[in-house]
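Bear in mind these aren't lab numbers, they're just calculated from the coordinates by the rules spelled out. Note that the structure is a prediction, hence the values are computed from the model and not measured. All Cβ positions, glycine included, derive from the backbone under ideal geometry; neighbour counts span all protein chains shown.
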2 protein chains.
Amino acid sequence: MLWHVRCDIVLVIMNGGFEFISSGTVTSPKGFIAGATYAGIKKQKNLDLAILASEVPCAAAGLFTRNRIKAAPVVLCQHRLSGGKATGVVINSGCANACTGEQGMADAEEMAVLAAAAIGTYSEQVLVASTGVIGQMMPMERVRAGVKQIKLSRDGGHDMARAIMTTDTVPKEVAVKVKEGGYTIGGAAKGAGMIHPDLATFLCFLTTDARVDPSLLQTALKQAADASFNMVSIDGDTSTNDTLLLLANGTAGNEVISSGTAQAEIFQQALEGLCIHIAKAVIRDGEGATKLFEVTVQGAPDRAAARHVARTVVSSALVKSAIYGNDPNWGRIVAAAGRSGVEIVESKIDLSLDTISLVKAGRPQPFDHDEAVRRLNQAEVFFTLNLNLGSGSAVAWGCDLTEGYVRINSHYTT
Amino acid sequence: MLWHVRCDIVLVIMNGGFEFISSGTVTSPKGFIAGATYAGIKKQKNLDLAILASEVPCAAAGLFTRNRIKAAPVVLCQHRLSGGKATGVVINSGCANACTGEQGMADAEEMAVLAAAAIGTYSEQVLVASTGVIGQMMPMERVRAGVKQIKLSRDGGHDMARAIMTTDTVPKEVAVKVKEGGYTIGGAAKGAGMIHPDLATFLCFLTTDARVDPSLLQTALKQAADASFNMVSIDGDTSTNDTLLLLANGTAGNEVISSGTAQAEIFQQALEGLCIHIAKAVIRDGEGATKLFEVTVQGAPDRAAARHVARTVVSSALVKSAIYGNDPNWGRIVAAAGRSGVEIVESKIDLSLDTISLVKAGRPQPFDHDEAVRRLNQAEVFFTLNLNLGSGSAVAWGCDLTEGYVRINSHYTT
């Protein structure tokens, strides 16, 4: 995983419009503070309780799990975000506060009250997110003591990113600087398992000091999520706690970014680039994963069909197992596409692994097996599937399925 | 797996209406013959080519994969079954004859011609089924030589059941005798991986000597599949080759069974009982599986919703992993039900493991953890999920997800 960590701390120039910041995180944008502590919610003695806040109130947008079973903090956030404003969020790992009924709702509300006192704001301005085991009550005594220990600071984002981890092996945090406008967008997420976001995602917190028209914020977040978090899968299981938040505090002093402008387009590109970066980091660190694979679908009847085929392929247990074993068993990719429900014409399909053509017009192509195995035996593997039916395209990312995934999810309550 | 084999050779009385026959198989009904050989299609030196036939023409029904990528034999069967008649079927394992284009269709047709000569019938009366690796051409020289070696006999069903195996570790074959009517129904199937039947199933061949109104046959088969094969999943991947055939040759001399009669109801019950028996045998022998689990959903808004929830739960990688590890992590079951798309009210959910109540009215119940682990550590595990919203109910079966599944599907092209 070292190569991945390295990737985060190198300055990468992309697109001209924005650039990744060395050691960037959620407190890279101006006016954001964060802190974390070990409160004793997790068994392992690691950070498990964090607060992220803005020094001034923010325009806020959010996307949440479509699972019918929603954790108490999700219900609380959905209610509070109806006003489109927030100042901070309190987050814990180790307990999902899901299937916990009225007591769970009361606990989530109390967490907001406790964090509001630490931030110095009203509790209605505070959002809550939890991740961990479903069906256990929040250990509120520990939370009460823990919140008091948290010190909020302008470089506290790294601690926050670590505090939200469960079976994640590395924190996922990043920030980009948008030159035009002079603002920054930061993000941190936890992933690992029960990852198959549906309209929203795992836990992910995005911050920006940009001034953004509140009416644009939710649309921009949805569009960015559709190109990133909604195109990844680790195990096909959508969580009860998926939460994606974007807080914009406007302290960068830029002209307000409004819908339909060139500035909105630049903001959208930067937000999507950041979200794709985080989504791929989550996949690389999927439970038991040894590699990431990217599936580009082209030539679908429309974009929705392309997205559906790409997600079906990256979710297939058989495709994921073959990629783990460096097995160029392309029939599994074609079979997964075929069962996606999208209209597919076998005699039109082209499939390639990197530059190696595996299938052309639906027919198997002779290929160098050893070279294909070598391409599969990389940290990132690339397939392109062209249905040759239309102009819809999409990209999705998945990870391999390994004995490690089974071990993590069979022998411990996670 | 010994307990399972034992189960097949014991005479079990069920329902009064029908009984399982000791060592029953597809040639248990009168007038059916079968045989198999090792033709060299599979690498392992095991039987890999078989013929099943009736001594007289049959009324025939079939259900097939809904995967958009259909193997050549599936296309051939769908075309030939439009007339509702067949005399036999030739089956091979080791090569799926899928994604093989016009040559694949020509090969499937030639297999029917070769088998027709062996049976002594017209090739249009012969169906074809294949299972194995996708995207490889049929080794027709070996098939031609192999068919000539096959000896058809009245006790050849056991060889046929072995010849259709791929990564299956035990053959799946069974027969039931229906006392009223004096007829028999037999069946044989292969399962193991890429098992998530959709309208049809893997490869399964059912025979009966009952006289059945051809118009009833397809309806009865669909209804039986909906209660059995369409309620199981091993890995969520629907095959390109799913084929379920039912041949009825009428040699038992019973009164013809017509739709809407008491006899049709008895036939349906026996057919469903047999199909459920085979479906469970397939799940027990799922790739890498160590146990079967049964999920009964009650109180759903309607039957379709109950079926959907039950199938979603048995397909969840996280539920399957927890069951492998004997982990009473019931939150994963509730989360899977919640993401099924069916309307669910958290505060109404009851969930139990055998007789142990885990959740009541959406709230976690205190339970004896050691006893729950003991119940999970069995060859068959039973969950009941009551949504308390209506009267829809359904039962689905799944197997655990183990390191063995990953090994089988990562290191070999299967």
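Descriptive notes on the structure:
- Max mean-square fluctuation residue, GNM over chain B, Cα-Cα springs under 10 Å, options B:ILE33, B:ILE356, B:ILE257: B:ILE356
- Extension gain (nm, one decimal) between B:ARG66 and B:VAL345, 0.36 nm per residue minus Cα-Cα: 97.3 nm
- Inter-copy label distances at A:ARG144, shortest first and taken from points set 7 Å along Cα to Cβ: 8.6 nm.
- Around the Cα centre of the protein assembly as shown, unit charges on the Cβ atoms of Lys, Arg, Asp and Glu (plus for the first two, minus for the last two) sum to a dipole of about 420 debye.
- When B:ASP209, A:ASP354, A:ASP107 are arranged by Cβ crowding within 10 Å, least crowded first, meaning fewest neighbours, the order is A:ASP354, A:ASP107, B:ASP209.
- With 19 Å as the limit, the listed pairs B:LYS42/B:LYS190; B:LYS172/B:LYS280; A:LYS45/A:LYS280; B:LYS70/B:LYS151; A:LYS85/A:LYS222; B:LYS291/B:LYS320 have A:LYS45/A:LYS280; B:LYS70/B:LYS151 beyond it between alpha carbons.
- Region B:230-309: GluC sites (Glu not before Pro) falling in loop per DSSP and having at most 14 other Cβ within 10 Å: B:GLU255
- Relative contact order of chain A, defined on C-alpha pairs under 8 angstrom at six or more residues apart (%): 17 percent
- Other-copy label distances relative to A:GLY341, 7 angstrom Cα-Cβ extension, nm: 0.3
- Between region B:239-271 and region A:54-86, the alpha-carbon center distance in angstrom: 56 Å
- Per-residue Karplus couplings for region A:25-42, computed as 6.51 cos²θ - 1.76 cosθ + 1.60 with θ equal to phi - 60°, are listed in order as 7, 5, 9, 5, x, 4, x, 10, 10, 7, x, 8, 8, 9, 9, x, 7, 7 Hz, Gly and Pro entered as x.
- Largest GNM mean-square fluctuation across A:ILE266, A:ILE51, A:ILE283, computed for chain A with C-alpha springs under 10 Å, falls on A:ILE266.
- Pairwise centroid distance, computed over Cα atoms, of region A:279-296 with region B:129-164, Å: 40 Å
- Of the DSSP H helices in chain B, those that are both long (alpha-carbon extent of 15 Å or more along the helix axis) and hydrophobic (Kyte-Doolittle mean at least -0.5) are B:101-119, B:214-227, B:262-284, B:303-315.
- log10 of Debye I(q)/I(0), alpha-carbon scatterers only, for region A:50-191 at 0.21 Å⁻¹: -1.51
- Likely footprinting exposure, A:HIS158, A:HIS411, A:HIS308, fewest C-beta neighbours within 10 Å first: A:HIS411, A:HIS158, A:HIS308
- For B:LYS30, distant residues with modelled amide H under 5 Å away: B:THR184, B:ASP209
- When A:MET160, A:MET231 are arranged by Cβ crowding within 10 Å, least crowded first, meaning fewest neighbours, the order is A:MET231, A:MET160.
- Lys/Arg +1, Asp/Glu -1 at C-beta; chain A dipole; positive extreme among A:LEU387, A:ASN97, A:SER352: A:ASN97
- Distances between copies at A:LYS85, taken between label points 7 Å from Cα along the C-beta direction, are 8.0 nm in increasing order.
- With respect to the axis relating copies A and B by rotation, the chain A residue whose beta carbon is closest, plus that distance in Å, is A:GLU403, 2.
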